[in-house]
């Protein structure tokens, strides 16, 4: 029986934090799709692929094997047999992910890899197109959102905790521009699936969102 959970939503809505918590509570596998795109970026960079050449990107992407494993309760990203987890949180990896994630051959390959993971075990997966493209048959689909102002405040708080300064107005503007790009991109735009449950976390704590999603999931089961 399909027991997967798909969580979609705009940037800064807390998808990854919530997805990790739900997965831990339900003893499921959390699939970090962002980390998988970072791994693909590393792979194509190592291959020195010309990203402006669709045929070259397609040929290289077809060779990539990216999977998620858990070791000592920690998620590990495996790229063609190599554990690349320690390489994924660099600025370079993030930049590489943003470059390759808009490429159609890459997105097709990543959907294939993500669907393969979800076919092996029950997963919680978050992103922009999980419920609409990657896991259209997920047992539970959540569209997690919050107002742009709330998301900006959360982001500012994160930066300030790291000792970095921020201007709320600038952060909110960046978030709204990213929302527009995500919702209007040609390939797999961000939309709420017809059968997804809308969860607005603007006035909710993380714990409240987690409890809400788990209750919905248990109702489906």
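The values are calculated or read from the model by the stated rules, or taken from the named source; none is laboratory data. As the structure is a prediction and not an experimental result, all values here were calculated from the model. Every residue, glycine as well, gets a Cβ built from its backbone with ideal geometry; the counts of neighbours run over all protein chains shown.
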Those residues of the stretch 156-196 which are in contact (Cβ under 8 Å) with a residue 24 or more places away in the chain and farther than 27 Å from residue 140 by Cβ, in sequence order: 172, 176
With criteria (1) surrounded by fewer than 24 Cβ atoms within 10 Å (Cβ to Cβ); (2) without any contact (Cβ under 8 Å) to a residue 60 or more places away in the chain; (3) within 14 Å of the chain's Cα centre (by Cα), residue 39 comes up short on (1)
Select from the stretch 64-86 the residues that are out of contact with any strand residue (DSSP E or B) (no Cβ under 9 Å at 6 or more places or on another chain) and either surrounded by 12 or more Cβ atoms within 10 Å (Cβ to Cβ) or modelled with pLDDT of 95 or more (or both) and list them in ascending order. 81, 82
Given the conditions (1) surrounded by 16 or more Cβ atoms within 10 Å (Cβ to Cβ); (2) more than 21 Å from residue 30 (Cβ to Cβ); (3) modelled with pLDDT of 95 or more; (4) under 18 Å from the mean Cα position of the chain (by Cα), and given that residue 150 satisfies all but one, which numbered condition is not satisfied? (4)
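Of the residues 186, 164, 169, 112, only one is in a helix (DSSP H, G or I) and assigned by TED's automatic domain parsing to the domain that holds residue 19; which?
169
Residues 199, 209: which one is touching a residue at least 60 places away in the same chain (Cβ under 8 Å) and within 18 Å of residue 150 (Cβ to Cβ)? Talk me through it step by step, then tell me what you get.
Values: 199 fails: touching a residue at least 60 places away in the same chain (Cβ under 8 Å).
Answer to the check: 209.
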So residue 55 fits all but one of (1) part of a helix (DSSP H, G or I); (2) closer than 17 Å to residue 114 by Cβ; what number is the exception? (2)
Could we say that residue 125 is within 25 Å of residue 206 (Cβ to Cβ), modelled with pLDDT of 95 or more and crowded, with 16+ Cβ neighbours inside 10 Å here? yes
Selection count, the stretch 98-121, where residues are within 25 Å of residue 194 (Cβ to Cβ), crowded, with 17+ Cβ neighbours inside 10 Å and touching a residue at least 40 places away in the same chain (Cβ under 8 Å): 6
